[in-house]
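I have placed the structure first, in the form of structure tokens, so that the comments after it can refer back to it.
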Amino acid sequence: MKLVETEVEGRRPLENLVIAQKVLGAGVVGAPEGSRKKIRGGKSGGGDEPLPNGKLRFAAIIGNGIVMGMTPAETLACSPFEYLAALDGFIEANDPEGDKKLSESEKDELWTWIEGNP
């Protein structure tokens with residue numbers, strides 16, 4: 001858990017998601033061969049260099065799952081499609097550049113729907 005705290009909590013959430021997308025993309029597409037000694041060296045969370053044979057850095061994936069409010073077990077139980085869908089939704093919901101406010105007409109429509117008057 002200390003690894004997650006040091007690797008994840010020091011960054012803004014969107015920065016972690018970009019790293020997770022890169023790692024997951026390398027796992028899906030495959031990564032070039034690399035030296036095992038080079039990969040094992042350095043910080044315990046691994047670096048930005050790809051792993052050999054399309055392997056994934058699960059620490060980054062689990063760390064992003066935690067940022068999204070999932071437990072490590074829930075994150076690992078997700079299919080790649082479910083994980084990426086959650087990741088996309090999290091990014092969209094937490095995008096500081098996005099306009100998150102409802103318009104007045106959207107507020108009225110939502111309130112009408114909540115009250116049960118179509």
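The values are calculated or read from the model by the stated rules, or taken from the named source; none is laboratory data. Everything numeric in this text was worked out from a predicted model, so none of it was measured. Neighbour counts are summed over all protein chains in view; Cβ atoms, including those assigned to glycine, are modelled from backbone coordinates with ideal geometry.
See the values below:
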quantity	calculated
Close pairs from segment 94-115: first hydroxyl-bearing (S, T, Y), partner loosely packed, with under 11 Cβ neighbours inside 10 Å and at pLDDT below 80, Cβ under 9 Å, at least 6 apart	T112/P118
Within segment 62-118, tally of residues that are surrounded by fewer than 15 Cβ atoms within 10 Å (Cβ to Cβ) and either not β-branched (V, I, T) or not in a helix (DSSP H, G or I) (or both)	36
Any pair with Cβ under 8 angstrom, 6 or more apart, that starts in segment 81-92 at a residue that is closer than 12 Å to M70 by Cα and ends at one that is outside any helix (DSSP H, G or I)	A86/M68; A86/M70; A86/C78; L87/M68; F90/M68
Filter result for T112 (under 15 Å from I19 (Cβ atoms) and among the polar types (S, T, N, Q))	no
Test: residue in segment 22-31 that is touching a Ser or Thr at 6+ places or on another chain (Cβ under 9 Å) and either modelled with pLDDT of 75 or more or in a helix (DSSP H, G or I) (or both)	no
Residue list for segment 48-86, restricted to those being of a type in the set (G, A, S) and under 17 Å from L17 (Cβ atoms)	A59, A60, G63, G65, G69, A85, A86
